[in-house]
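Step one of this worksheet: look at the structure below.
The values are calculated or read from the model by the stated rules, or taken from the named source; none is laboratory data. Being a predicted model, the structure only gives us computed values, none of them experimental. As a convention, Cβ positions derive from the backbone with ideal geometry for all residues, glycine included, and neighbour counts pool all protein chains shown. We work out accessible area using only protein heavy atoms, side chains counted, and drop any ligands, DNA or RNA first. Shrake-Rupley method; radii C 1.70, N 1.55, O 1.52, S 1.80 Å.
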Amino acid sequence: MRHVLKRAGARMAVVLTWAGLMTGLVACLAGCSQGETLSEGKASAPGDTIRVVPEDGARGVGRTDRIEVRVEDGRLERVEVRQIENATPEDLPGRLSADGRSWTPEPGATVTLAAKYSVDAVAVDRQGRRSARHTTFTTLVPADRFIGYFAPENRSTVGTGMIVSFDFNRRIQDRAAVERAVSVTSEPPVEIAGHWFGDDRLDFRPRTYWRPGTRVTVELRLRDVEAAPGVFGIQRKTVGFTIGRSQVSLVDAAEHTMRVWRDGTLTSTLPITAGAPGTTTYNGKMVVSELFDVTRMDGRTVGFGGEYDIKDVPHAVRLTTSGTFLHGNYWAPAETFGTKNVSHGCVGLRDTKGGGTDTPAGWFFERTLIGDVVEVVNSQDSTVAPDNGLGGWNMNWEEWTAGSALR
């Protein structure tokens, strides 16, 4: 089965080793269209074809709470419910109903406590039209405990721009104690520093992009660390990942091109379309954090009217948390690419409906790793915020290290 979400090396991982935890067992991705753009992706889009329980972004889901994916028309083509923030991601076993309209967990299958899950589904209606849905939910964490969800996955291979990012489920008051309990080292060794964004996110990066072939080790010693009065950590684990080849892509919004550099050599120059006047694309360095072979983008989830609702956007590469994507576009005329900026903020590459393997979008998607860098220049917009996705490369080293609680 080809999944809606292509996990080509890394999403987020969480390592849980608390004896009291028992194992057993969203954001409708919105973005841009030809008239495309930025999306928080948290609200359920009006008229969603695929219904998911728990609702997108739900917290505190219990082991006996209902989990279901359903369509009212047509059938479900594929469904995956996966514990995505774990050292070893695990699928929640489930089954489709006889009519293909609903998916539920297998009898006896339950969620893991203190974990995060993704739901990825694709449906086909009676006219043969496909629609995708991606949601997430988190399960119950005892009130006196905290955990950190982090990227990338254990044993993954990622791009040279990967930033180790922790999102904590509780507000951290003693930042120094928590940062001191997290160690990020590399072979060959380089200087690595942490930076806090608010009181619930801690990122780590080196001074410059990682060298290809570097092995990175993340050691968590959070068990019994007091992050706030009466709130203690539960994680103690060592995980690691490897840096793959270097790929950095430069999008020039004025020239309508994207130059793809592999290990320092220019491998391709692709025609693109970027954000139109009034809905321009962010400038700056953005790091690939998710890869979807198909997803839905609905303008109504990001404050637009009914300008667009594309249920089968192919080859979608997430660049920011707020919803900037680099994705395939099959609805714009071919002459648009390389000549005009027509999107609501995303970067579009020519594609075919269903996603072609021999199109510019398919070519780029199949050669991209989570952790690769895409930099946008010459757009009439501001530089992307460093905490919008893995945007920390837009800070210089002095600014970055100033955000550590240990300096």
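The table below lists the values:
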{"quantity": "Selected residue (criterion: nearest to Ser289 (Cα to Cα)) from residues of segment 159-206 that are in a helix (DSSP H, G or I) and not β-branched (Val, Ile, Thr)", "calculated": "Glu179"}
{"quantity": "Condition check for Arg296: farther than 30 Å from Arg155 by Cβ, basic (Lys, Arg) and open to solvent by 20 Å² or more (accessible area, probe 1.4 Å)", "calculated": "no"}
{"quantity": "Of all residues in segment 95-146 being of a type in the set (Gly, Ala, Ser) and touching a Ser or Thr at 6+ places or on another chain (Cβ under 6 Å), the one that is farthest from Val52 (Cα to Cα)", "calculated": "Ala115"}
{"quantity": "Test: residue in segment 351-366 that is over 24 Å from Val124 (Cβ atoms), aliphatic (A, V, I, L, M) and under 22 Å from the mean Cα position of the chain (by Cα)", "calculated": "no"}
{"quantity": "Check on Thr269, open to solvent by 10 Å² or more (accessible area, probe 1.4 Å) and more than 23 Å from the chain's Cα centre (by Cα)", "calculated": "yes"}
{"quantity": "From Ser322, Ser246, residue being closer than 23 Å to Gly391 by Cα, within 18 Å of the chain's Cα centre (by Cα) and among the hydroxyl-bearing types (Ser, Thr, Tyr)", "calculated": "Ser322"}
{"quantity": "Unmet criterion (only one of (1) under 16 Å from the mean Cα position of the chain (by Cα); (2) of a type in the set (A, V, I, L, M, F, W, C); (3) modelled with pLDDT under 95) for Leu369", "calculated": "(3)"}
{"quantity": "Number of positions in segment 207-218 that are open to solvent by less than 70 Å² (accessible area, probe 1.4 Å) and not in a loop (DSSP other than H, G, I, E, B)", "calculated": "3"}
{"quantity": "Segment 344-388, residues that are under 30 Å from Asp203 (Cβ atoms) and among the basic types (Lys, Arg)", "calculated": "Arg367"}
{"quantity": "Candidates Arg207, Arg236, Arg170, Arg223, filtered to the one that is within 30 Å of Phe325 (Cβ to Cβ) and among the basic types (Lys, Arg)", "calculated": "Arg207"}
